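The values are calculated or read from the model by the stated rules, or taken from the named source; none is laboratory data. Everything numeric in this text was worked out from a predicted model, so none of it was measured. Using ideal geometry, Cβ is built from the backbone for each residue, glycine included, and neighbour counts are taken over all protein chains shown.
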Amino acid sequence: MIERPRRLRTSAAMRRLVRETRPRPSQLVLPAFVGERDGDIAAMPGVRRHTVRQIGEVARAARDAGLGGIRLFGVPDDADKDPEGSQAWAAEGITQRAIAACREAVGDDLVIMSDVCLDEFTTHGHCGVLGEDGAVLNDETCQLYAAQAVAQAIAGAHVVAPSGMMDGQIAIIRERLDEAGYAHVGILAYSAKYASAFYGPFREAVGSSLRGDRRTYQQDPANRREGLREALLDLAEGADIVMVKPASHYLDVLADVAAASQVPVAAYQVSGEYSMIEAAAARGWIDRRAAIEESVTSIVRAGADVVLTYWAMEVAKWLN
Ligand code: PBG
């Protein structure tokens, strides 16, 4: 026998030497929720909703841990929701205040990203505005996303991240940011975003009003080619970073996109991926740290340059 792959596994030092995938803190992004009041999120033990006053401290801690960025989700009070989601682009909307607080706290030392989508702000919980028949209107929604993106750029976002899966959303956001004088603000496109059951805990985190589902705009989990198609369209429209979401159950799509993309590729380890490991670990059914490290390593191995994960702070601490 000449080939003995086990030679390269004989000691921890040997394995460390030949390890292919080495996640770094600088490629991790912390998703963070900001509301009018702080609080725990029952379905995501260990994740909190912060106030605008607190979020600057979170951003500073992320910077100090060497993270790549912070990803902000504004959570308005129910009383501030309406059918159009107008708080999404109001100058004093919760997300805009959160962005400004982070920018004030860390300046340009941490990449501040914000969610461009209406679902947290609409009374019906859909990611866009509805027509008379209740269908989500594509082009009208894109106009509102553009207004929201500009409001976030004015507040100080370095990168806006459209997650609503409307056709053509990247092109119109790019155009309107440029017109408004924000050509330097980047776009992280949620390119391949699947209609996933693994967003369940997130919907609690943002107090979602949604009834029904998002299957007319988010992708069918059964479709692989379509993920690549969506990413290529976003690249053609000017995306600076393309993303696949969720991460763990879509590593094939992630690998496809990574192979084809000439821009950095991100993956979002979503709330359900987080909560499943936390729940199993809490029962002693799984080794928590090993499972988290393995999951993040697998996402990087599949081709992610950037990983959005609720464990970003803890993983960075372990890596440091
Ligand atoms: C929509 C949005 C969702 C997530 C991020 N942005 C939820 C959805 O599409 O219903 C999910 C994130 C997660 O589950 O961690 N703006």
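Inspect the stretch 170-179 for any residue being within 16 Å of the ligand (Cβ to nearest atom) and within 15 Å of D119 (Cα to Cα) and give the result as yes or no.
No, the conditions are met nowhere in the stretch 170-179.
Quick one: how many residues across the stretch 228-278 are among the aliphatic types (A, V, I, L, M) and part of a helix (DSSP H, G or I)?
The qualifying residues number 16.
Per-residue answers, yes or no, for (1) surrounded by fewer than 20 Cβ atoms within 10 Å (Cβ to Cβ); (2) touching a helix residue (DSSP H, G or I) at 6+ places or on another chain (Cβ under 8 Å):
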residue: V244; (1), (2): no, yes
residue: Y250; (1), (2): no, yes
residue: A255; (1), (2): yes, no
residue: A260; (1), (2): yes, yes
residue: A266; (1), (2): no, no
residue: Q269; (1), (2): no, yes
residue: A279; (1), (2): yes, no
residue: R283; (1), (2): yes, no
residue: D287; (1), (2): yes, yes
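Those residues that are within 21 Å of E140 (Cβ to Cβ) and not aliphatic (A, V, I, L, M), I need them from the stretch 179-197; list them, please.
Selection gives E179, Y190, K193.
Mind checking which residues of the stretch 70-116 are under 19 Å from V129 (Cβ atoms) and of a type in the set (V, I, T)?
T95, V116
Could you name every one of the helices (runs of 4 or more DSSP H) located completely within the stretch 134-227 that has at least 2 residues being over 28 Å from A79 (Cβ atoms), free of Cβ contacts under 8 Å to residues at least 60 places away in the same chain and not acidic (D, E)?
Correct list: 169-179.
When E140 is evaluated against the numbered criteria (1) out of contact with any helix residue (DSSP H, G or I) (no Cβ under 6 Å at 6 or more places or on another chain); (2) within 13 Å of the ligand (Cβ to nearest atom), which criterion, by number, is the only one it fails?
(2)
A quick yes/no check of all residues on (1) more than 10 Å from the ligand (Cβ to nearest atom); (2) of a type outside the set (D, E, K, R); (3) within 18 Å of N138 (Cα to Cα); (4) surrounded by 19 or more Cβ atoms within 10 Å (Cβ to Cβ):
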{"site": "F202", "(1), (2), (3), (4)": "no, yes, no, yes"}
{"site": "S208", "(1), (2), (3), (4)": "no, yes, no, no"}
{"site": "R214", "(1), (2), (3), (4)": "no, no, yes, yes"}
{"site": "Q219", "(1), (2), (3), (4)": "yes, yes, yes, yes"}
{"site": "A222", "(1), (2), (3), (4)": "yes, yes, no, no"}
{"site": "E226", "(1), (2), (3), (4)": "yes, no, no, no"}
{"site": "D234", "(1), (2), (3), (4)": "yes, no, yes, yes"}
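Where residues in the stretch 109-124 are among the hydroxyl-bearing types (S, T, Y) and more than 29 Å from D64 (Cβ to Cβ), which of them is farthest from the ligand (Cβ to nearest atom)?
So, considering only residues that are among the hydroxyl-bearing types (S, T, Y) and more than 29 Å from D64 (Cβ to Cβ), the one farthest from the ligand (Cβ to nearest atom) is T123.
Between a residue in the stretch 243-270 that is closer than 12 Å to Y194 by Cβ and any residue that is modelled with pLDDT under 95 and surrounded by 24 or more Cβ atoms within 10 Å (Cβ to Cβ), which pairs come within a Cβ distance under 6 Å, given they are 6 or more apart or on different chains?
Listed pairs, sorted by first residue: none to list.
Identify, from the list E84, E20, the residue that is part of a loop (DSSP other than H, G, I, E, B), within 23 Å of the chain's Cα centre (by Cα) and at pLDDT 95 or above.
Going through E84, E20 in turn, just one is part of a loop (DSSP other than H, G, I, E, B), within 23 Å of the chain's Cα centre (by Cα) and at pLDDT 95 or above: E84.
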